[in-house]
Amino acid sequence: MQKPIIILNYKTYLESTGDRGRELTWAARDVMQETGVRIIVCPQTPELFHHKGYGIEVFSQHIDPIEPGSHTGHVLAQALLHCGVTGSLINHSEDRMPLPDIKKCVEICRKNGLTSVVCAESIEKVREVSQLKPDFVAIEPPELIGSGIPVSKADPDIVRDSVKAVTDPEVKVLCGAGISKGEDVKAALELGTVGVLLASGVVKAKDPKAALRELVAFK
Ligand code: G3P
């Protein structure tokens with residue numbers, strides 16, 4: 001079975017803030033080096049620089065549909081690049097944006113060599129945003145986010161049909177929500193995705209490094 005892609009969203013949990021967040025990044029780097037599984041971490045915007053230079057990909061949780069100029073408080077692609085960031089989540093369930101802004105963010109990412117991961121809450125939304133040709137589309141049913149109930153088990157149809165809805169082979173599909181175990185990741189791959197997007201299953205685990213190891217240790 002191909003190796004999954006794991007995107008670990010730090011959200012704004014205290015367990016992934018400050019030095020605890022950096023320790024989580026080091027743990028993810030170690031597990032990636034041990035297993036050869038591509039793991040990407042998504043710390044909070046103010047802390048992105050804190051995670052630079054540890055030999056692991058760092059994505060932003062958010063990017064704004066703006067060009068350089070007077071946009072106080074917004075997140076600029078060029079500033080993300082300066083932080084060593086190589087990609088961004090766009091339209092996460094906890095940070096929705098209108099379609100024209102999603103489109104602009106995907107274009108800005110493409111123009112700046114940033115990997116774009118557009119999140120979607122339904123098969124219809126997956127179909128719609130995949131037309132924008134992001135690098136990844138992530139199906140995440142909002143009702144399962146943070147539930148500990150894995151989408152790849154609780155609603156395999158939404159994952160399978162999201163994969164079918166993406167007709168462009170350049171656009172890869174991820175799934176997320178409630179993922180915490182290796183068997184959840186295996187199920188996600190068997191449904192046609194290239195990997196998962198998760199948060200609480202690792203960030204809030206007693207031993208996040210052990211949780212990460214278990215997550216990628218399936219046959
Ligand atoms: O971005 C990942 C996220 O929304 C899923 O959250 O805690 O269910 O893994 P969680």
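Rounded to the nearest whole Hz, the Karplus-based 3J(HN,Hα) values (6.51 cos²θ - 1.76 cosθ + 1.60, θ = phi - 60°) of segment 48-65 follow the sequence 4, 4, 4, 10, 7, x, 9, x, 9, 5, 10, 10, 7, 7, 7, 9, 9, x, with x at glycine and proline. Taking a point 7 angstrom from the Cα of GLU107 along the C-beta vector, which residues in segment 123-147 have backbone N less than 17 Å away? Zone members listed by number: 129-135. Take every Cα pair under 8 Å whose residues are at least 6 apart in sequence, average their separation, divide by the length of the chain, and the relative contact order is 18 percent. Here the spin labels are modelled as points 7 Å beyond Cα on the Cα-Cβ line, and at GLU143 and LEU99 they lie 2.4 nm apart. Compactness of segment 111-207, taken as the C-alpha radius of gyration over 2.2 N^0.38 Å, stands at 1.03. Neighbour counts of C-beta atoms inside 10 Å place THR167, THR17, THR35 in the sequence THR167, THR35, THR17, starting with the fewest.
Extension gain, MET1 to HIS82, is 25.6 nm, computed as 0.36 nm per intervening residue step minus the present C-alpha separation.
You can think of it this way: the chain between GLU190 and THR167 has 6.5 nm of extra reach, that is 0.36 nm per residue less the Cα-Cα gap. Report the extension gain between GLU34 and GLU183 in nm, rounded to one decimal, defined as 0.36 nm multiplied by the number of residues separating them, less their alpha carbon distance. Length gained between GLU34 and GLU183: 51.7 nm. Note on segment 2-111: Kirkwood radius taken over Cα pairs, Stokes-Einstein applied at 37 °C and 0.692 mPa s, translational D equal to 225 µm² s⁻¹. Among the chymotrypsin sites (Phe, Trp or Tyr not before Pro) in segment 25-73, those placed in a DSSP loop whose Cβ has at most 16 other Cβ atoms within 10 Å are TYR54. Label-to-label distance, ASP157 versus LYS206, with points set 7 angstrom from Cα along the beta-carbon direction: 3.8 nm. With both residues required to sit in the chain, DSSP beta bridges show an antiparallel share near 0%. The separation of segment 15-49 from segment 66-114, counted between C-alpha centres, amounts to 21 Å. Close Lys pairs in segment 24-181, defined as Cα atoms under 22 Å apart and 8 or more places apart or on different chains, number 22. Loop-located GluC sites (Glu not before Pro) in segment 108-210 (DSSP state other than H, G, I, E, B) with a sparse environment of at most 14 neighbouring Cβ atoms within 10 Å: GLU170. Put simply, the amide H of THR115, placed in the peptide plane, has neighbours under 5 Å in GLY87, SER88, leaving out anything fewer than 5 places away on its chain. For a test of the definition: using alpha carbon positions, the gyration tensor, and the 1.5 limit on a/c, classify segment 20-62 as rounded, prolate or oblate. Because a/c hits 1.5 or more and a/b exceeds b/c, segment 20-62 counts as prolate. Rg/Rh for the chain stands at 0.94; both radii use Cα atoms, and Rh follows the Kirkwood definition.
Read-outs: derived from the displayed coordinates by stated rules, not from any lab. Small disclaimer: the values here were computed from a predicted structure and weren't measured. Quick reminder, even Gly has a Cβ in these numbers, built from the backbone with ideal geometry, and neighbours come from all protein chains shown.
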